[in-house]
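The values are calculated or read from the model by the stated rules, or taken from the named source; none is laboratory data. What you see is a predicted model; the values in this text were computed from it and never measured. Positions of Cβ are backbone-derived with ideal geometry, glycine not excepted, and every protein chain shown enters the neighbour counts. Ligands, DNA and RNA are stripped out before the accessible areas are found, and what is left, the full protein with its side chains, is counted by its heavy atoms. Shrake-Rupley method; radii C 1.70, N 1.55, O 1.52, S 1.80 Å.
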Amino acid sequence: MSDLSLLPAPGAKAAKVCGILSIVFALTCVGLPVALILGIVALLQQVKAKRLAKADPQGYAPVPSTGLVTGIIGLVLAALMLPVMGMAAAFAVPSVMLYREQVRNTAVQHHLDRAKAKAEAAVLEWQARNPGQPVPQEALIRDLLRDPELAALRNPFDPQSPAFLGGETGPGGAVMIHPDRSEEGGVTTWSVKFRAEIPRRNEQRVLTAEVITHTQEQVQGRTEDGWEVVNPPAAQN
């Protein structure tokens, strides 16, 4: 009986296919585990087919060495690519972590800038409607925290937490909003301040911003005619 009339031994075709796929996956690096498994399967199927063909040479055609060769090549390539993959991961992981940190930092800065812009617009609108009247800080902060656009944003470092909170200190990545009052050179300044801490491995980076709501000069005295004197000049010797 000629070889052409004989059936291929069970496992011969599977050995060939698995061997070829093993080579393909090994060359992609990402599929190294699959390449190793397919290479082993190709060798096992090749051994099975050889055994069956030897046991029944009248019923099965001789098994070509394709599955054996491709299986071995796939295993060798996978073994050779493992160190390359490890080196690539050693360079890629820090880069991915750095990029992720930069994205988070940029998001926090954007949140702070957006809140500041809304606060500045709200102050201008209040001053236009109420000339000469101080902007109520607490009301301004409350409106910012309730703003739909700001309320929809999430903390880049903790997606389960809001991006904006009231107070001076809070979780990393959240923009904290609080009122402030300072005095310098006879001038009292009321403002709304923004503060965000960006967590880092070695140090904390702090972002800050401020929107002045109103100022007031302190009256130092009055002249004999009743005129107010603001920050009178120092006495001459």
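Some notes on this structure:
- Overall form of segment 93-166 per C-alpha gyration tensor (a/c, 1.5; a/b vs b/c): prolate
- Just the protein heavy atoms count here, and of the accessible area of the chain at 1.4 Å, carbon and sulfur take up 60 percent.
- Taking the DSSP bridge list for segment 74-193 and keeping only pairs wholly inside it, about 75 percent are antiparallel.
- Protection proxy ranking, peptides 118-127, 19-28, average beta carbon neighbours within 10 Å, highest first: 19-28, 118-127
- Kyte-Doolittle at least 0.5, axis length at least 20 Å by Cα - qualifying DSSP helices, the chain: 12-27, 32-55, 66-129
- Residue-span extension gain [Gln216 to Val24] - 0.36 nm each, minus C-alpha spacing: 61.6 nm
- For the chain, adding -39500 (n - 2.57) for each run of n ≥ 4 DSSP H residues and dividing by the number of residues yields -17500 deg cm²/dmol at 222 nm.
- Note on surface exposure: Met81, Met87 rank Met87, Met81 by accessible area, highest first, 1.4 Å probe.
- Computed on protein heavy atoms with a 1.4 Å probe, the accessible areas place His111, His214 in the order His214, His111, largest first.
- Prolate/oblate/rounded call for segment 118-202, Cα gyration tensor, a/c under 1.5 rounded: oblate
- Beta bridges per DSSP, both residues in the chain: antiparallel share near 85 percent.
- Probe 1.4 Å, protein heavy atoms only - accessible area per residue of segment 1-77 in square angstrom: 59
- Note on the chain: Lys pairs 8 or more places apart or on different chains, Cα atoms under 21 Å apart, count 8.
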